[in-house]
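To start, the structure under review is shown below, and the notes come after it.
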Amino acid sequence: MKTLITLFLGILLTSSVINAQVEITSKDFFSTRDQMLLANEINESGEPFAEALGYDLDELDPMVLNQPDSISYTLGIENYEYSRYHLGTVISRSGIGLHMMWAPVVMQMAAMEPPGFDGSFTGTPNGFNEDDELMKIIMHFAMLSGGMAPQNPWPQFAEFASGDPHLPQAVAPDFQMDFSTLRWDRSLMDKTLNPGAMGQTLMKQYLWAQDMLGTFHDSDEEEVVPDGTNSPDSTDSPHFDPDNNIYYGGDNTDGFIGQVLTAEGINKTMFLITSLAYDGTELGMVDPATYNPEEGIKYFPHGIAVTESTVGEMLPPKASELQVTDASSDLFDQLSYLWGTLNFKNMMDPSINDTPHYAYHEVFDGDPFPAPMSQTGIPGPFDLMMGTSKVIYMNLMAMHFDMVNGTFVSTSGLTTEGMPQPGDEISTVDAGYLIMVLKKMKEEFMSTHLEKMALDAVNAQSTFVIASLKDPSGGFYNSYTLNQGADNSAKTAVSQASAARGLYAAYELTGNSSYLDAADEAYAFLMNTYYVSGQMAFRTEQGNDLATYTPFNFALIAGALREAN
């Protein structure tokens with residue numbers, strides 16, 4: 001749930017003690033992009049961060065508060081549970097998106113089924129193959145993992161922008177296995193498709209899928225460590241062997257959910273490139289294999305309204321119309337989706353050989369998911385994620401990069417002639433997060449012509465951040481308008497956090513000490529200017545004792561604190 005919190009930090013005249021009064025001012029608005037960004041940052045600040053700090057996760061018990069200490073419990077239990085709650089809520093319970101029954105790959109597979117397929121998995125023919133096809137897929141995932149599907153879930157392939165997280169009905173006692181009473185009121189949702197919301201959810205799907213599918217287990221749910229020779233499959237076959245006692249995932253539940261998350265991510269990205277590419281006039285498809293923005297730009301706009309229609313009794317509604325409501329290209333939207341595709345590309349990469357990838361290779365060998373084109377001659381999920389990453393990156397360079405000033409800009413669009421029409425402002429938040437994602441772009445496209453392009457982009461944006469967004473008197477401005485100058489409004493904590501986040505990433509990639517020095521300055525300014533140690537909280541704006549917390553600014557601050565460690 002989106003919760004807007006104001007924290008008043010009032011310094012008493014008679015002492016140096018700071019009193020904090022907390023007031024929740026919004027409880028009925030869930031921004032999918034912001035909430036999933038927070039869940040992603042909290043996820044990375046959870047179990048992985050606790051282990052990096054030297055904690056043994058086996059010592060943690062969710063029922064024993066703050067043991068062995070409060071830091072380990074907060075990171076390893078509370079952050080983990082927060083992240084997992086949002087994962088389950090968005091991808092399978094709330095209904096805040098388009099149902100997987102109408103996802104592109106599911107519909108394609110349903111169309112290929114033989115006559116008489118309708119009703120073969122649902123018990124009753126209804127004129128549609130898609131519900132049977134989805135049931136067939138889910139049952140197959142359950143067999144491969146030993147897991148069990150819940151009743152009445154709402155798996156989805158494209159998330160809506162926002163909704164009201166309150167449940168309009170009483171929750172049934174069996175809610176853990178029957179999700180029907182966990183549905184939100186879909187009439188209160190903003191049924192707009194936004195690349196930022198879809199992208200941050202894609203990243204969330206990746207983070208959990210790679211964790212859940214990075215090992216195997218046996219029928220007793222004991223781990224079977226992948227070594228490149230063991231497999232759930234039959235010898236010399238991509239298909240499951242029920243007799244070798246090896247299943248996908250770390251346990252039954254992980255194996256099942258990990259496959260569902262992966263299927264959702266694949267269908268979402270297929271939907272993006274086949275239905276949501278915009279040329280300034282109409283929505284359609286973009287072919288990553290042949291796309292060249294110089295021959296006509298096709299990009300993913302900020303807002304696409306969805307009209308849903310009922311297609312049959314007891315069936316989920318289907319999108320019947322897609323209409324562009326905001327044709328702008330938003331930099332944070334694009335980097336959010338690119339963040340997800342780059343990481344899924346890495347997970348699916350057949351050339352990487354380590355313990356988790358030995359497990360992933362079995363997932364993407366033809367069953368349960370298609371193998372890459374390098375092995376079959378037909379594009380698979382790896383090629384989909386790689387190709388979509390290239391499309392988004394090429395659009396970033398064509399639409400958002402100002403070569404004269406050496407910076408990206410936060411918004412762009414097309415003229416009536418279809419030419420790029422970039423804005424003139426770059427926010428420090430956008431710049432910092434873009435550098436972080438471009439670092440991943442460079443790493444994932446090593447030994448290709450895109451590697452140097454991405455590296456050059458990292459250096460250009462990092463140099464601009466230091467030269468134009470850094471205040472010589474301390475801290476980083478919130479934004480910069482080309483040919484005018486920096487924004488002189490009160491500096492925000494998220495600007496300092498994002499500058500640090502991006503510049504630390506630039507240093508890790510290049511070894512350039514000037515990036516490290518500037519990142520350290522941003523972090524020091526964040527801690528010295530905004531952190532109130534007595535309350536263990538941050539001011540959100542310089543000089544303002546009224547701190548307003550949102551999922552978005554909480555996420556950015558949390559991410560920077562982790563990366564600076």
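The values are calculated or read from the model by the stated rules, or taken from the named source; none is laboratory data. Worth saying up front: this structure is predicted, and the values here are computed from it rather than measured. Every residue, glycine among them, receives a Cβ derived from its backbone with ideal geometry; neighbour counts consider all protein chains shown.
Counting only helices (runs of 4 or more DSSP H) that sit completely within region 340-396, those holding 3 or more residues that are farther than 22 Å from Ser145 by Cα, in contact (Cβ under 8 Å) with a residue 24 or more places away in the chain and not aromatic (Phe, Trp, Tyr) correspond to 381-395.
Checked against (1) in a helix (DSSP H, G or I); (2) buried (at least 24 other Cβ atoms within 10 Å of the Cβ); (3) not acidic (Asp, Glu), Ile426 passes all but condition (1). Scanning region 120-150 for residues that are outside any loop (DSSP other than H, G, I, E, B) and modelled with pLDDT under 95 yields a count of 0. Taking every residue in region 208-221 that is in contact (Cβ under 8 Å) with a residue 24 or more places away in the chain and pairing it with any residue that is buried (at least 22 other Cβ atoms within 10 Å of the Cβ) and among the β-branched types (Val, Ile, Thr), at least 6 positions away or on another chain, the pairs with Cβ-Cβ distances below 7 Å are Ala209/Thr262; Met212/Ile257; Leu213/Val363. When restricted to residues that are under 20 Å from the mean Cα position of the chain (by Cα) and outside any loop (DSSP other than H, G, I, E, B), region 151-181 contains 8. Between a residue in region 477-503 that is basic (Lys, Arg) and any residue that is assigned to a loop (DSSP other than H, G, I, E, B) and at pLDDT 95 or above, which pairs come within a Cβ distance under 8 Å, given they are 6 or more apart or on different chains? Here the result reads Lys491/Asp471; Lys491/Gly475; Lys491/Tyr477; Lys491/Asn478; Lys491/Gln542, each pair linking region 477-503 to a residue that is assigned to a loop (DSSP other than H, G, I, E, B) and at pLDDT 95 or above.
State all residues of region 62-93 that are polar (S, T, N, Q), under 17 Å from Ile42 (Cα atoms) and under 20 Å from the mean Cα position of the chain (by Cα); if no residue qualifies, say none. Correct list: Asn79, Ser83, Thr89.
Can you tell me which residues in region 502-542 are small (Gly, Ala, Ser) and part of a helix (DSSP H, G or I)? Answer for region 502-542, where residues must be small (Gly, Ala, Ser) and part of a helix (DSSP H, G or I): Gly502, Ala505, Ala506, Ser513, Ser514, Ala518, Ala519, Ala522, Ala524. Screening Ser329 with (1) out of contact with any Gly (no Cβ under 9 Å at 6 or more places or on another chain); (2) buried (at least 21 other Cβ atoms within 10 Å of the Cβ) gives one miss only, at (1). For region 94-114, a residue qualifies if it is part of a helix (DSSP H, G or I) and either free of Cβ contacts under 8 Å to residues at least 12 places away in the same chain or touching a Lys or Arg at 6+ places or on another chain (Cβ under 7 Å) (or both), and the qualifying residues are Trp102, Gln108.
Scanning region 187-211 for residues that are more than 16 Å from the chain's Cα centre (by Cα) and under 28 Å from Leu338 (Cα atoms) returns Met189, Asp190, Lys191, Thr192. Failed condition for Gly418, given (1) under 16 Å from Ser328 (Cβ atoms); (2) assigned to a helix (DSSP H, G or I); (3) not acidic (Asp, Glu), with all others met? Gly418 satisfies every listed condition except (2).
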